[in-house]
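Where a number appears in this text, it was derived from the coordinates with a stated rule and is not lab data. As the structure is a prediction and not an experimental result, all values here were calculated from the model. Note that each Cβ is placed from the backbone with ideal geometry, even for glycine, and that neighbours are counted across all protein chains shown.
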Amino acid sequence: MSAVEKGWKDVPIGGLILEAGSAKKYETGDWRTHKPVWDKEKCSNCMICWIYCPDASILIKDGEMSGIDYKHCKGCGICAHECPRKCIEMVLDTGENGEAGAGE
Amino acid sequence: MQVSKRVAITGNEAVAEAMRQINPDVVAAYPITPQTEIVQFFADFVSDGKVDTEFVTVESEHSAMSATVGASAAGARAMTATSSQGLALMWEVLYIASGLRLPIVAPVVNRALSAPINIHCDHSDTMGARDSGWIQIYSEDAQEAYDNLIQAVRIAEHPDVLLPTMVTMDGFIVSHGMGNAKLLNDDVVKKFVGEYEPEHYLLDVENPITVGALDFSDWYFEHRRQLADAHTKVKDVVLQVAKEFKEISGREYNLFDAYRLDDAEVAIVVINSAAGTAKTVVDELREKGLKVGLLKIRLFRPFPHKEIAEALSGKKAVAVLDRADSLSLMGGPLYIDLRAAMYDSPGPRVKMVNYIYGLGGRDINMEQIAGVYDDLMEIAKTGEITQPVTYLGVRE
């Protein structure tokens, strides 16, 4: 977690979050046990994974899928389940972020 | 000093009057004996246009506290009121109110918890909520309940504190008993409580915030540590608010009430209405030349342990009267706290005993309290405690 160097005196009381969009800073990728591995060659860019992903972790560039955001992907596997061409496979995560796909 | 009027009034009426004068933005409440009248009187004030309050009629106390939490998070001065099973049903939301640091104020009319079902007074309801993170202020009579509720608004909303606060009084004995009280004028109370101006609130659309976000092992501990820190600030704020309240009322409040305690050799520690009975016993025994005194708790959470230990240090024997049992086999909740507080008190160890009394509304009378002082004087003389915990007034 990025901000653990701060102490209890440094954060807003009551667990309040005082800025919008801060979920982006909360990296949930380390909750994952299995990670989706994307086969770019088989992908037709139908965007079904993008629609279903509950964590907005399917990355898009110029209207096409460009990879997976492993900093936020929790490894739920919905993308792999929904993909009509079976081009996303869930594999045991070895902890090395970004080794598969073109994500961050 | 401002003019105030003296009235014959029940505890519930006095508390409802205080709520009318506080004129909160939102009240969400559900009726339960013996608190019902507070909500009933307040509903009349709403219907008659005497308050500006949005009154939310809910289907349970869980919803009452939830709606109050929502209103408070939105930026409203929000109140509710309950008793016994109602407080029990609020339980999980009590912790949410304190954890979110919402300065909700709630009168609680003390009543026994089921089972067996019982509508009369004991303190098992609020004692059970003692670790919920709420400030707890106890009241001996209608006057104190009225005064404490008005002060509670200022204590809860103080920027150093921001904690929900419950103000208690004894069910039926005080809530329905007609007593003598001086009420302040409306404008005086209005000025005293002032406007609630939260720093962060949900209806502040220019500055959007998130309330109640997920808080895992990375930050939960820090937020609980903040909660403990806030409780360390309460004592000074209670005293400061009491000082200001004296200026408008002439009535003096402290963390606790020390009655003929300074030169006392033995003392009783007690909460709420039984303190009134016990003070009369103290006066009678003092007339006989016996050095007896009393300490009545006002602020129970946070517990002003240092001040209490100082006040009781040097006594030969102390009896703590609990109107609730902890079932720990170490006595009632007040006794356990008192013994912990006295562990570090200066001087020789003070002999302490516990009397659990009045469960389910069982009366406690002057003879019984005089009997406790007899026991204390015997302990003071012999230095021997034969029975640390006594159930006072139960049929053997």
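Averaging sequence separations of C-alpha pairs under 8 Å and six or more residues apart, then dividing by the length of the range B:256-392, give the relative contact order as a whole percent.
On the way: 239 pairs, mean separation 36.9, N = 137.
Relative contact order for the range B:256-392 comes out at 27 percent.
The chymotrypsin sites (Phe, Trp or Tyr not before Pro) found in the range B:287-373 that occupy coil by DSSP, while having at most 12 further C-beta atoms within 10 Å, are B:TYR343. For B:LYS316, the lysines whose Cα falls under 20 Å of its own Cα, not counting residues fewer than eight places away in the same chain, are B:LYS279, B:LYS288, B:LYS291, B:LYS296, B:LYS306, B:LYS351, B:LYS381. Take the alpha carbon gyration tensor of the range B:256-392, find the square roots of its eigenvalues, order them as a ≥ b ≥ c, and report rounded if a/c is under 1.5; if not, report prolate when a/b exceeds b/c, else oblate. Rounded shape, in that the Cα axes give a/c under 1.5. Each eigenvalue of the Cα gyration tensor of the range A:6-53, multiplied by 5 and square-rooted, gives one semi-axis; in descending order these are 36, 14, 8 Å. Coordinate range of the alpha-carbon atoms in the protein assembly as shown per principal axis, descending: 101, 57, 41 Å.
Put a plus charge on the Cβ of each Lys and Arg, a minus charge on the Cβ of each Asp and Glu, and nothing anywhere else: the dipole of the range B:256-392 about its Cα centre is then about 220 debye.
Think of the protein assembly as shown as a dipole: +1 on every Lys or Arg Cβ, -1 on every Asp or Glu Cβ, centred on the Cα centre; then among B:SER328, B:LEU113, A:ALA56, B:SER328 lies furthest on the positive end.
Among the GluC sites (Glu not before Pro) in the range B:1-75, those placed in a DSSP loop whose Cβ has at most 10 other Cβ atoms within 10 Å are B:GLU59.
Computed over chain A, relative contact order equals 33 percent, with contacts defined as Cα pairs under 8 Å that lie 6+ residues apart.
Between helix B:366-382 and chain B, what is the angle of the helix's C-alpha long axis to the longest principal axis, kept within 0 to 90° and rounded to the nearest 10? With both axes taken from Cα atoms, the answer is about 60 degrees.
Once a ≥ b ≥ c are taken as the square roots of the eigenvalues of the Cα gyration tensor of the range B:146-196, is the result rounded (a/c under 1.5), prolate (a/b larger than b/c) or oblate (a/b not larger than b/c)? Spell out each step's value before the answer.
Numbers: a/c = 4.15, a/b = 1.45, b/c = 2.87.
Oblate, because a/c is 1.5 or more while a/b does not exceed b/c.
How much of the DSSP bridge set in the protein assembly as shown is antiparallel, in percent, rounded to the nearest 5? Among the beta bridges of the protein assembly as shown, antiparallel pairing accounts for roughly 40 percent.
For a straight C-alpha distance cut-off of 16 angstrom, the aspartates and glutamates reachable from B:LYS315 (same-chain residues fewer than eight places away being disregarded) are B:ASP262, B:ASP263, B:GLU265, B:GLU307, B:ASP344, B:ASP374, B:ASP375, B:GLU378, B:GLU384. The angle between the Cα long axis of helix B:274-287 and the main principal axis of chain B comes to about 30°, on a 0 to 90 degree scale. Fewest-first ordering of B:MET127, B:MET366, B:MET65 by other beta carbons within 10 Å of each residue's beta carbon gives B:MET366, B:MET127, B:MET65.
Relative to the present Cα-Cα distance, how much length would full extension add between B:GLU247 and B:VAL46 at 0.36 nm per residue of separation? Please report the intermediate quantities before stating the final value.
Details: separation 201, 0.36 × 201 = 72.36 nm, distance 2.99 nm.
Contour length minus the Cα-Cα distance gives 69.4 nm.
Using only the alpha-carbon atoms, how far is helix B:11-22 inclined from the longest principal axis of chain B? Give it as 0 to 90 degrees, nearest 10. In chain B, helix B:11-22 runs at an angle near 40 degrees to the longest axis.
Multiplying the residue separation of A:ASP10 and A:ARG85 by 0.36 nm and subtracting their alpha-carbon distance yields 22.1 nm.
Could you list B:HIS123, B:HIS158, A:HIS81 in order of exposure, starting from the residue whose Cβ has the fewest other Cβ atoms within 10 Å?
Numbers: B:HIS123 29, B:HIS158 19, A:HIS81 12.
The most exposed by this proxy come first: A:HIS81, B:HIS158, B:HIS123.
Annotation: Cα Rg of the range B:4-249 relative to the compact-globule expectation 2.2 N^0.38 Å equals 0.96.
In percent, rounded to a whole number, the relative contact order of chain B is 16, using alpha-carbon pairs under 8 Å and six or more apart.
Can you give the translational diffusion coefficient of the range B:196-305 in µm²/s, computed by Stokes-Einstein from the Kirkwood radius over Cα pairs at 4 °C and 1.567 mPa s? Don't jump to the answer; show the numbers that get you there.
Values: Rh = 17.9 Å.
The Stokes-Einstein estimate is 72 µm²/s.
Excluding the site residues themselves, the longest part of chain A lacking any trypsin sites (Lys or Arg not before Pro) in a DSSP loop with at most 13 other Cβ atoms within 10 Å is A:43-84.
Within a 10 angstrom radius of the beta carbon, how do B:TRP134, A:TRP50 rank from fewest other beta carbons to most? Kindly include the intermediate steps, with their values, before the conclusion.
Numbers: B:TRP134 24, A:TRP50 15.
Final ranking by Cβ density, sparse to dense: A:TRP50, B:TRP134.
According to the calculation over all Cα-Cα pairs in chain A, the P(r) per 5 Å bin from zero is 2, 12, 21, 21, 15, 9, 8, 6, 3, 1, 0 %.
The loop-placed trypsin sites (Lys or Arg not before Pro) in the range B:297-389, going by DSSP, that have at most 15 neighbouring Cβ atoms within 10 Å of their Cβ come out as B:ARG349. For the segment B:205-215, counting C-beta atoms of other chains within 10 Å of every residue's C-beta and taking the mean gives 4.
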